[in-house]
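A short write-up of the structure that comes next.
The values are calculated or read from the model by the stated rules, or taken from the named source; none is laboratory data. Just so you know, these numbers come straight off a predicted model, no measurement behind them. Counting neighbours? That spans all protein chains shown, and the Cβs are built from the backbone with ideal geometry, glycine included. What goes into the accessible areas is simple: the full protein's heavy atoms, side chains included, and nothing from ligands, DNA or RNA. Shrake-Rupley method; radii C 1.70, N 1.55, O 1.52, S 1.80 Å.
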Amino acid sequence: MLAGLIFATDDADDRPGMLAATLPFGGLTLIEFQARLLVGAGVSQIIVVVARLTPELLGAIARIGRRGASVDVVRSAVEAVEKLHPLARVLVVADGLVTTGEVIAMMAEDGGDALLTVSDREASPGFERVGAETAWAGLARLEAKRIAEVATMPRDYDFQSTLLRVAAQARAQHIALLAGAAGGAHGIERNSRTLAERGNTILTALVSKPVVWADRYILAPLARLALPPLMARVVPSWAVSAVGVVLGIAALAAILFGVAWAGIVLAILASLVFTIGAALAWLRDEEALGRFQTIAIPGLSALSEMLIGHVTSVSQGTATGWTLAIALVVAGALIERAAAGGARRRWWGSPIAYLLILLPFAIARLPLIALAAAALYATVTLSAAIEGIRKKP
């Protein structure tokens with residue numbers, strides 16, 4: 001069993017009376033974000049260590065309880081031991097820690113006691129030292145008996161610091177946080193302004209992962225530019241999604257009325273909006289909305305291609321447009337299926353790449369050549385994907 005232990009005891013630096021754990025973070029609170037990462041790593045029980053309960057913290061705990069994990073609130077190691085299964089492995093999250101899902105997943109792997117560490121030179125403010133040249137980076141994987149050992153000590157000891165010392169004395173393994181592993185997003189923050197900046201960094205990391213050229217060099221950079229202002233204004237995810245839907249409908253309407261190039265441009269803009277919306281939805285744990293926007297991108301691309309083929313076939317009185325559009329959509333769908341569990345290559349096609357291939361030919365009013373070029377590109381990509389699958393043992 002994997003459990004999570006989140007500390008929420010310290011006040012924010014710039015907001016007197018407010019806990020650092022309840023500072024706003026991308027439309028939710030920091031502790032909700034931490035819980036979101038823990039649940040994503042497979043944690044089924046979350047224990048929140050508090051010094052006092054505030055209205056903001058109570059609201060956050062109630063919302064965490066709706067995310068698929070049981071939540072218990074404790075004030076001491078004695079109470080925590082009573083809630084934990086004796087054989088549980090516990091992921092410990094320091095008060096005010098900001099990190100990424102990849103770092104949490106690394107610590108959630110099977111193994112004994114372990115502390116995430118950084119060199120003392122690279123340690124952020126708030127990291128506690130665990131060696132002459134080593135600092136604790138705010139995450140630990142411990143056996144439940146370590147918390148039981150803390151429970152036997154005087155109650156006035158600081159729970160978090162004492163637990164860290166107990167783990168260090170038990171010779172917990174040190175797992176180094178590699179430089180750049182969290183994209184600059186990892187650290188302990190108790191200031192609302194710097195916390196917002198780290199939130200922007202995390203969102204930037206979310207949209208900087210694409211491998212395929214069209215998404216990596218066109219879609220992702222534009223999304224990174226647009227995300228910080230949206231985060232600062234706490235724009236609702238549903239509003240971003242609604243804008244994407246409106247742009248998508250406008251794109252299809254433009255193609256239907258014979259302005260294919262304008263429809264393609266609008267479809268690319270809609271895909272950009274959906275990319276931004278999906279990142280916001282992930283951060284705010286709005287899974288259904290995020291899933292919809294992720295699916296909407298290839299769906300809109302396929303509809304645009306089919307509609308271009310339909311309009312072309314109707315205007316020219318042949319089935320060539322339909323045939324090329326169907327071939328493009330089928331090849332694109334097979335590529336997504338073939339690449340779902342494997343690595344993509346930079347030059348491969350993607351829903352956005354096909355639209356970009358179509359655009360110059362659509363501007364030149366050559367729709368059949370546009371569809372043929374995109375279908376050929378998709379076919380070559382599909383061949384490479386199939387060969388990649390065949391080479392796997």
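A Gaussian network model of the chain, with springs between Cα atoms under 10 Å, assigns the largest mean-square fluctuation among Ala41, Ala226, Ala132 to Ala132. Atom-type composition of the exposed protein surface of segment 188-314 places 73 percent of the accessible area on carbon and sulfur (1.4 angstrom probe). Computed from the alpha carbon positions, the gyration tensor of segment 267-354 leads to an equivalent ellipsoid with semi-axes of 28, 16, 10 Å, biggest first. Helix-only mean residue ellipticity at 222 nm, the chain, DSSP H runs n ≥ 4 weighted -39,500 (n - 2.57), per residue, nearest 500. What is it? That calculation yields -18000 deg cm²/dmol at 222 nm.
Just by accessible area at a 1.4 angstrom probe, what is the order of Glu189, Glu56, Glu122 from largest to smallest?
The residues order as Glu122, Glu56, Glu189, largest area first.
Can you give the angle from 0 to 90° between the axis of helix 55-64 and the longest principal axis of the chain, with both taken from C-alpha atoms, to the nearest 10? Around 60 degrees separate the two axes.
Modelled spin-label separation between Val314 and Ala62, with each label point placed 7 Å from Cα along the Cα-to-Cβ direction: 5.2 nm. In segment 131-281, Cα pairs under 8 Å separated by at least six residues give a relative contact order of 18 percent. The C-alpha atoms of the chain define a longest principal axis, and helix 320-338 lies at about 20 degrees to it. As a length-normalised measure over Cα pairs under 8 Å and 6 or more apart, the relative contact order of segment 63-158 settles at 36 percent.
Quickly rank 364-372, 296-304, 135-143 as a protection proxy: mean count of other C-beta atoms within 10 Å, highest first.
135-143, 296-304, 364-372
With contacts taken as Cα pairs under 8 Å and at least 6 residues apart, the chain reaches a relative contact order of 13 percent. The Rg/Rh ratio of segment 227-374, with both radii computed over alpha carbons and Rh defined as the Kirkwood radius, is 1.01. If R0 is 25 Å, the Cβ-Cβ spacing of Ile363 and Arg337 corresponds to a FRET efficiency of close to 0.20. Remark: the Ser124-Ile389 segment gains 91.1 nm on full extension, using 0.36 nm per residue and subtracting the alpha carbon distance. Between Asp14 and Leu87, residue separation times 0.36 nm minus the direct Cα-Cα distance comes to 22.3 nm.
Please report, in debye to the nearest 20, how large the charge dipole of the chain is about its Cα centre when each Lys and Arg carries +1 at its beta carbon and each Asp and Glu carries -1 there.
980 debye
Under 5 Å from the amide H of His174 lie the amide H atoms of Leu115, each residue being 5 or more positions distant or on a separate chain, with H modelled from the backbone and absent for Pro and chain starts. Work out the charge dipole of the chain with +1 on the Cβ of Lys and Arg and -1 on the Cβ of Asp and Glu about the Cα centre, then indicate which of Tyr377, Leu19, Trp136 is farthest towards its positive end. Towards the positive end, the residue furthest out is Tyr377.
When the Cα convex hull of segment 68-182 is projected onto planes of every orientation, the mean area is 7.6 nm².
Using alpha carbons only, how many degrees (0 to 90, rounded to 10) separate the axis of helix 159-169 from the longest principal axis of the chain? So the helix axis and the longest Cα principal axis differ by about 90 degrees.
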